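Notes for the one structure printed next.
What follows is calculated from the coordinates using simple rules that are stated; it is not laboratory data. The structure displayed is predicted, hence computed values, not measured ones. Counting neighbours? That spans all protein chains shown, and the Cβs are built from the backbone with ideal geometry, glycine included.
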Amino acid sequence: MTMSHNAVRSIFSFFFFLGRKARKTKVFFLISGLPVLVALIIQINRLFAPGSGIDGPAIFSSVIMAFNLQFLILVLALFYGTSICSEELEGKTLTYLTTRPAAKSAIILGKYAAYAAFLVLMVAAAVILSFLILNVERVLDLSAWLAMIKALGVLALGLMCYMAFFTLVGTFLKKSILFGLFFSFGWENVVQYFPGSTQKFTIMHYLKSLLPAASTGSAGKLSFLTFKLEPSSAGAAVATLVILTAVFLGLACLVFSKKEYIFED
Amino acid sequence: MTAVIQTKNLSKWYGNVLGLSDVSLEVEQGVTGLLGPNGAGKSTFLKLITGQIKPSIGHVAIQGQDVWNNYPLFGRIGFCPEQDAFYDEMTGWEFMTSLLSLYSFSRADVQSRAEKALDFVELAKDKDRLIRGYSRGMRQRLKLAQAVAHDPEIIILDEPLNGLDPLSKRKVIRLIKDYKEAGKTVIVSSHVLPEIEALTRTIILLHQGKILARGDIHYIRDLIDKHPHMISVKCSDPRRLASSLVGEPSVLNIQFGPAPDTVVFETQDRDKFFGLIPRLIVDHRIDVEEITSPDDNLQAVFDYLVGK
């Protein structure tokens with residue numbers, strides 16, 4: 001299966017542009033901005049009620065991270081990952097892509113990269129804004145910035161890995177959203193709390209293994225996120241996430257290249 | 001002349017539904033019309049030869065190469081699909097340049113080709129509008145533009161004249177004829193016989209997934225002309241028109257209705273009948289609102305040909 005980098009780049013540009021204009025992107029942009037709104041409310045409350053005991057950095061680490069890690073990236077990955085294939089079939093636009101001199105794997109990889117890129121940018125924008133609002137008094141604190149960048153890295157890795165998985169699911173399953181919801185909020189949200197090595201069968205396990213609380217062993221502000229976590233080492237977690245992403249994408253390309261897609265009339 | 005497209009025992013099933021059955025043919029340079037009523041297997045055939053679907057049985061090759069997953073070959077093919085589907089959030093210009101960027105053209109070349117194609121289909125002034133706001137005819141023309149913008153050697157058009165106004169139809173017909181003169185291979189599908197007649201003499205008749213006939217359109221025309229035709233005339237004085245045609249040997253039967261100002265003629269010589277009508281209308285000063293052929297559709301003709 002050979003593929004031209006130019007084709008991947010062209011498909012990337014095509015869908016990076018198109019994905020940003022999609023109606024669902026506007027909806028998810030608003031949803032991803034919710035933490036910014038929460039951060040603003042908290043900060044305004046702190047201004048009017050000084051000494052209320054609300055710790056900005058703690059809220060950023062817990063609420064913002066919990067929302068992004070446990071909910072937002074799963075939902076974004078699910079809706080964009082599965083749509084890589086399904087929206088072309090439902091919209092009957094697949095013909096325009098598969099009758100061009102571009103390998104089918106280039107279509108999958110280019111579209112995946114485009115969606116992953118603007119979703120990471122969308123999440124990053126919301127996280128950075130929330131961080132700035134909640135850490136206004138620590139804006140020159142390098143360690144706070146480093147922690148935020150690490151958190152962003154975890155979210156980006158999670159987004160890419162989940163999206164690769166849902167891209168694969170979308171290539172062969174018609175009701176991929178339904179399956180994805182069960183997977184995201186059933187399997188991933190339950191099995192990650194199982195004791196022993198069973199929790200290693202979830203992607204979330206490796207993401208949480210990269211959180212500061214997991215690596216330092218101190219529960220700290222993210223204690224509820226690392227509840228019952230028996231963390232893998234950071235290196236193993238990153239390697240596993242990267243390998244899983246590559247395997248899911250490779251399989252998605254293979255299925256998409258071999259499978260015949262017929263529009264429903 | 002060597003075959004550009006070859007199929008051998010080509011068959012396709014969609015589950016238990018037969019799409020195409022045992023089609024073996026060779027398509028040569030020039031324009032070939034693919035004619036058949038809805039559901040005859042035209043689109044299935046075109047999807048098979050453009051590599052969008054896999055044959056269940058048989059083989060399809062373009063210029064001697066297998067089609068399925070042979071994407072470098074697709075640079076030589078232009079395909080206009082039947083379905084009215086687009087990336088509606090894009091403008092016509094964005095759609096064209098995005099698709100052209102999938103070929104190995106330079107940026108300047110992409111832009112000039114997009115401009116040329118949009119200009120040809122008369123969408124240049126609407127190129128910056130969202131496709132969502134395009135009319136059916138504009139969308140049809142845009143589909144055609146994306147099929148020809150990269151100047152392919154083989155052009156495959158699935159019902160390209162659908163939804164076009166008469167002027168646009170004439171222009172597309174002219175374009176297809178120009179492609180023929182340029183030595184290209186064009187396959188055009190339609191369920192409307194006069195459309196295909198205007199384009200080519202070489203046709204393939206498909207019916208229920210099988211080739212019913214192929215060759216020169218005059219042979220098909222002769223078969224069709226043996227089929228009695230119903231011609232309905234809506235006019236100011238249907239009785240007068242009917243009485244003037246009573247003794248005409250080409251008219252087999254005359255019926256009034258269903259509307260009070262309508263008369264339906266049955267004829268076995270359609271060309272002769274259409275030769276007579278204008279003179280009678282002028283001689284008798286009859287105002288004609290509409291002349292239609294209720295059974296002048298391929299399904300009726302095909303039913304006749306297969307002896308239904």
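Assuming a ≥ b ≥ c are the square roots of the Cα gyration tensor eigenvalues, decide whether segment B:1-70 counts as rounded (a/c under 1.5), prolate (otherwise, with a/b larger than b/c) or oblate. The shape class here is oblate.
Based on DSSP H segments of at least four residues, each scored -39500 (n - 2.57), chain B has a per-residue ellipticity at 222 nm of -10500 deg cm²/dmol.
Sticking with the crude label model, points 7 Å out along Cα→Cβ, report the distance from A:LYS259 to A:THR198 in nm, one decimal please. My value for the distance between the label points is 3.0 nm. Partner lysines whose Cα lies under 27 Å from the Cα of B:LYS125, excluding those fewer than 8 positions away in the same chain, are identified as A:LYS21, A:LYS92, B:LYS116, B:LYS143, B:LYS169, B:LYS171, B:LYS177. Shown for A:VAL190, A:VAL63: other C-beta atoms within 10 Å of each C-beta, ranked fewest to most, produce the order A:VAL190, A:VAL63. With the biggest extent put first, the Cα atoms of segment B:68-185 measure 34, 30, 27 Å across the principal axes. Counting only trypsin sites (Lys or Arg not before Pro) that DSSP places in a loop and that have at most 16 other Cβ atoms within 10 Å, the longest clean stretch of chain A runs over A:1-173. The B:VAL282 and A:ASN6 beta-carbon pair, evaluated with R₀ = 56 Å, returns a calculated FRET efficiency of approximately 0.30. Using the Cβ-Cβ distance between A:LEU47 and A:PHE17 with R0 = 35 Å, the FRET efficiency computed as 1/(1 + (r/R0)^6) comes to roughly 0.30.
Under the convention that each Lys and Arg Cβ holds +1 and each Asp and Glu Cβ holds -1, the size of the dipole of segment B:131-201 around its Cα centre is about 280 debye.
As a length-normalised measure over Cα pairs under 8 Å and 6 or more apart, the relative contact order of segment A:5-258 settles at 26 percent. A Gaussian network model of chain A, with springs between Cα atoms under 10 Å, assigns the largest mean-square fluctuation among A:THR240, A:THR99, A:THR202 to A:THR99. Axis angle, to the nearest 10 degrees, between helix B:136-148 and the longest C-alpha principal axis of chain B: 50 degrees. Each eigenvalue of the Cα gyration tensor of segment A:5-258, multiplied by 5 and square-rooted, gives one semi-axis; in descending order these are 34, 22, 15 Å. Suppose each label sits 7 Å from its Cα in the direction of the beta carbon; what would the A:LEU132-B:ASP119 distance come out to in nanometres? So the label points at A:LEU132 and B:ASP119 sit 4.6 nm apart.
Can you divide the C-alpha Rg of the protein assembly as shown by 2.2 N^0.38 Å and report the result to two decimal places? Don't jump to the answer; show the numbers that get you there.
On the way: Rg = 31.5 Å, N = 573, 2.2 N^0.38 = 24.6 Å.
Rounded to two decimals, the normalised Rg is 1.28.
Evaluating kT/(6 pi eta Rh) at 37 °C and 0.692 mPa s, with the Kirkwood radius of segment A:118-201 over Cα pairs in the Stokes-Einstein relation, gives 215 µm² s⁻¹. Comparing B:SER21, B:SER250, B:SER104 in a Gaussian network model of chain B, where Cα atoms under 10 Å apart are tied by springs, the biggest mean-square fluctuation is seen for B:SER104. Approximating the spin labels as points 7 Å out from Cα along Cα→Cβ, the B:ARG170-to-A:LEU30 distance works out to 5.0 nm. Cross-link partners of A:LYS26 among lysines, defined as those whose alpha carbon lies under 20 angstrom from its own and excluding same-chain residues fewer than eight positions apart: A:LYS111. Positive contributions from Lys and Arg (+1) and negative ones from Asp and Glu (-1), summed over other residues with Cβ under 10 Å from the Cβ of A:LEU89, come out at -2.
Estimate the FRET efficiency between B:ARG129 and A:LEU142 by the formula 1/(1 + (r/R0)^6), using the beta-carbon distance for r and 51 Å for R0, to the nearest 0.05.
Efficiency at R0 = 51 Å is approximately 0.50.
Treating each Cα of segment A:18-165 as one equal point scatterer and applying the Debye formula with no solvent, the log10 of I(q)/I(0) at q = 0.09, 0.11, 0.17, 0.19 Å⁻¹ comes out as -0.35, -0.49, -0.93, -1.08. Karplus-based coupling profile of segment A:162-176, in residue order and whole Hz: 4, 5, 5, 4, 6, 5, 4, 4, x, 6, 10, 10, 6, 9, 6, with θ = phi - 60° in 6.51 cos²θ - 1.76 cosθ + 1.60 and x standing for Gly or Pro. Rounded to the nearest 20 debye, the dipole magnitude of segment B:35-110 is 380 debye, with +1 charges on Lys and Arg beta carbons, -1 on Asp and Glu beta carbons, and the Cα centre as origin.
Legend: ranking of residues A:ARG100, B:ARG113, B:ARG214 from fewest to most surrounding C-beta atoms inside 10 Å; resulting order B:ARG214, B:ARG113, A:ARG100.
Here the Gaussian network model covers chain B, with springs between Cα atoms less than 10 Å apart; of B:ASN38, B:ASN70, B:ASN162, B:ASN70 fluctuates the most.
Considering only A:LEU178, A:LEU94, A:PRO50, and ranking their Cα positions along the charge dipole of chain A that arises from unit charges at the beta-carbon of Lys, Arg, Asp and Glu, the one farthest toward the positive end is A:LEU94. Bridge orientation summary for the protein assembly as shown: considering DSSP beta bridges with both residues in this region, about 65 percent are antiparallel. Per-residue Karplus couplings for segment A:62-68, computed as 6.51 cos²θ - 1.76 cosθ + 1.60 with θ equal to phi - 60°, are listed in order as 8, 5, 4, 5, 4, 4, 5 Hz, Gly and Pro entered as x. Please state the charge dipole magnitude for chain B, taken about the Cα centre, from unit charges on C-beta atoms (+1 on K and R, -1 on D and E), reported in debye and rounded to the nearest 20. Computed charge dipole of chain B: roughly 460 debye.
Can you give me the relative contact order of chain B as a percent, contacts being Cα pairs under 8 Å and 6 or more apart?
Working: 558 pairs, mean separation 60.7, N = 308.
Over chain B, the number comes to 20 percent.
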